[in-house]
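Nothing in this text is a laboratory measurement; each read-out follows from the coordinates by a stated rule. All of these numbers come straight from a predicted model, not from anything done at the bench. Neighbour counts are summed over all protein chains in view; Cβ atoms, including those assigned to glycine, are modelled from backbone coordinates with ideal geometry.
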Amino acid sequence: MSKRELYRQVAALHVANIDQGFLSLLGVRFVSLMYQAIDEGEESVLLVIERDDRVIGFVAGGSGMRPIYRRMLRHAPRVMLALLPSLFSLRRVRRMLEILRYSHRNDRSVHLPRAELLSIAVDPAYRGQQHAETLYRKLTEIFSRQGIDEFKIIVGTALAPAHRFYRRMGALPIAEIEVHQNEASTIYSQRLSMTIDAAE
Ligand SMILES: CC(C)(COP(=O)(O)OP(=O)(O)OC[C@H]1O[C@@H](n2cnc3c(N)ncnc32)[C@H](O)[C@@H]1OP(=O)(O)O)[C@@H](O)C(=O)NCCC(=O)NCCS
């Protein structure tokens, strides 16, 4: 599979399965450029599971969204083209501003770990087969090798299976925030030593 097709499939999985955040509103073309930036970035990582030449699950991690957006700006004309349809929607523009405001606030926070699990999703046809666990553990191994001992995960309250999954992996809820107006999210903290404990 070409890299371009891989990013498109990851983006399609994201948009279909993580429909709470603003990213899904921006469409597969924009999200696909974002995953390209995550994959190519030095401070971020994209891991995928493929079956029969199809992406059936992925996880992305890194140190916040800012370096990723900055990398995307290197392909500004393509990004603008991908964003164009969304810029005509006031609701989508408002959501974009909300998330940018959040990432700015978050970068200055001293309480939260910098490293973050940015997104994870498994195709509904392949759920319940521990694919998410495999991806989660691989990401924690990579974070560990980078000397990271704690990372955060921000999860919309409505994503109930994701909350069960993170708690099972040993992540602890540490705060409630509103990334979007009237839409609560929980911030989890995952200590890497706790992942190992949870597996024992
Ligand atoms: C969270 C998520 C990644 C977990 O993926 P997964 O690979 O199915 O994880 P697991 O194999 O550990 O199984 C998860 C659950 O599915 C159940 N399950 C078992 N067989 C199943 C099947 N055939 N189909 C669906 N679920 C099944 C498991 O028992 C487990 O139950 P629980 O939620 O009550 O604990 C997946 O639910 C998902 O993609 N959700 C949508 C995206 C999302 O919310 N991402 C997080 C936001 S960043």
*asked:* Given the criterion within 18 Å of the chain's Cα centre (by Cα), of a type in the set (G, A, S) and surrounded by fewer than 18 Cβ atoms within 10 Å (Cβ to Cβ), identify the matching residue among A132, A184, A121, A162.
replied: A184
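Yes/no matrix, rows are residues, columns are (1) farther than 14 Å from R71 by Cβ; (2) of a type in the set (F, W, Y); (3) without any contact (Cβ under 8 Å) to a residue 24 or more places away in the chain:
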| site | (1), (2), (3) |
| --- | --- |
| V15 | yes, no, yes |
| G27 | yes, no, no |
| V31 | yes, no, yes |
| Q36 | no, no, no |
*Qualifying residue in the range 22-42 (condition: assigned to a strand (DSSP E or B), of a type in the set (F, W, Y) and either more than 13 Å from the ligand (Cβ to nearest atom) or within 21 Å of F143 (Cβ to Cβ) (or both))*: no
*Test: residue in the range 2-23 that is of a type in the set (S, T, N, Q) and farther than 27 Å from L87 by Cβ*: yes
*With the checklist (1) more than 12 Å from the ligand (Cβ to nearest atom); (2) on the phi > 0 side of the Ramachandran plot in hand, flag the one item R145 doesn't pass.*
(2)
*Looking only at residues in the range 70-81 that are more than 26 Å from V122 (Cβ to Cβ) and not basic (K, R), which one is surrounded by the fewest Cβ atoms within 10 Å (Cβ to Cβ)?*
P77
*asked:* Cβ-Cβ under 9 Å, sequence separation 6+ or interchain: first residue in the range 134-155 and closer than 16 Å to E42 by Cβ, partner of a type in the set (S, T, Y). Which pairs?
replied: I148/S63; I148/T140
